[in-house]
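Read-outs: derived from the displayed coordinates by stated rules, not from any lab. Since we're looking at a predicted model, the values are computed, not measured. Neighbour counts run over all protein chains shown; Cβ positions are idealised from the backbone, glycine included.
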Amino acid sequence: MPHESALAIAPWTLCVVTQTPLAELDDSALVAAALDGRREAFDIIVERHRRSVYQVCYRFVNNHEDASDLAQDAFVRAWKGLRSFKGQSALSTWLYRIAVNVSLNKVSAKRAPTESIETTDQFEDVRIEGAPQAILRKERAAAVRRAIASLPDKQRATLILRTYHDMSHQQIAEVLGSSVGAVKANLFHALTNLKKILGSEP
Amino acid sequence: MTHLTSAELIDAMEGMLIPERAAHLAACGACRRRLDDLSSVLNEAKQVSCPEPSPLFWTHFSHRVRAAIDTEPAESRNAWPSWLRWQVLLPFGTMAMILMALMLAVPRQVATDSSENDVAVMDTPAADSADALEMLVGWLDLETAGAAAVIEPGFVEQAFLELTSEEQQELARLLRAELSREKS
């Protein structure tokens with residue numbers, strides 16, 4: 001059971017937290033330790049969740065620099081708001097929510113989708129497939145990214161969390177603060193719109 | 001039978017469609033085409049990969065987060081130990097004040113019990129209560145009094161039980177010191 005707040009942690013939990021190496025603690029115990037003044041506990045939280053937080057940010061902005069800035073911002077916000085984490089959902093869900101919010105704020109402020117010069121396929125070896133096929137595949141991937149970037153915020157967030165982070169409808173509802181029904185509706189509309197946009201691509 | 005709704009199409013795409021509706025899907029070409037369209041666009045979206053940054057990036061990233069947190073204003077950080085927050089101190093403060101009010105009221109009541117004057121027996125505790133209330137109101141500001149009023153029964157005991165033995169001993173020492181100061 002996730003902890004409710006530092007106040008709700010029993011004394012024996014604090015004893016366990018102080019005696020067990022931080023890396024072996026679960027997320028709720030790490031939050032408790034961080035709230036108890038053990039700053040290095042938050043470092044472990046960052047280490048555990050940095051990849052998923054970075055990736056969700058990347059899906060919104062499609063470039064490494066902005067994604068790393070947003071991920072950093074998400075963790076700083078998480079640190080500042082750690083006391084408000086009530087443990088009603090998993091820490092990862094709470095971090096996803098922060099990451100989605102900072103990403104949506106960013107893309108709302110800068111609506112035009114960005115496509116960096118270091119594309120997602122930068123490390124791929126084109127010798128595996130023919131060069132024309134590789135180019136076509138890259139162009140299609142870029143078209144899909146542009147299409148996703150043009151979706152309304154909720155549809156976009158729902159599609160990203162479901163498709164790339166394999167989250168359940170319930171988890172997505174928790175992240176976005178909506179209902180499971182709304183998540184299904186947003187996913188349906190996101191896919192329908194994506195099909196329309198891709199269908200109109202040259 | 002009606003065609004699948006958007007939610008049912010999503011359920012079908014994820015293999016969670018209820019059997020009755022799955023029977024309709026098996027028999028309905030229009031619903032199957034809509035499902036195929038959704039599935040194909042979803043699969044196309046899944047093909048778009050996310051690059052993996054270099055291993056060095058992650059170490060650098062952790063340092064960046066730490067440095068960014070270190071530059072946060074000091075007031076946003078928690079300088080107080082968790083057990084010294086108002087959620088803990090307020091109930092104990094309230095409990096201490098109630099204890100002191102009771103201690104002030106009880107001796108005088110015992111004294112008036114020995115009196116032969118019934119009116120005095122009835123009036124004195126009330127006067128003591130008024131004194132105690134006046135004392136409490138004098139000590140509490142409006143905000144604290146308002147907050148004290150919303151404490152649920154058992155909250156003080158629960159909060160006390162959640163302290164470590166050292167914290168409990170320290171609290172007991174503070175209460176004893178306060179009570180002995182009041183007595184003197």
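Determine the shape class of the range B:6-46: with a ≥ b ≥ c the square roots of the Cα gyration tensor eigenvalues, call it rounded for a/c under 1.5, and otherwise prolate if a/b is greater than b/c, oblate otherwise.
oblate
Can you give the Kirkwood hydrodynamic radius for the range A:126-202, in Å, rounded to one decimal and based on Cα pairs?
13.6 Å
Shielding by partners for B:57-69, please: the mean number of other protein chain Cβ atoms within 10 Å of each residue's Cβ. If you can, show how the numbers build up before the last one.
Working: counts 4, 5, 1, 1, 10, 7, 1, 7, 14, 7, 1, 5, 10.
Shielding by partners across B:57-69 averages 6.
Of the listed peptides A:57-64, B:94-101, what is their order by residue-averaged count of other C-beta atoms within 10 Å, with the highest listed first? Walk me through the intermediate numbers first.
On the way: A:57-64: 22.1, B:94-101: 17.0.
Answer by packing, highest mean first, reads A:57-64, B:94-101.
Using only the Cα atoms of the range A:137-178, each taken as one equal point scatterer with no solvent, compute I(q) by the Debye sum, divide by I(0), and report log10 of the ratio at q = 0.28 Å⁻¹.
Here log10 of I(q) over I(0) equals -0.93.
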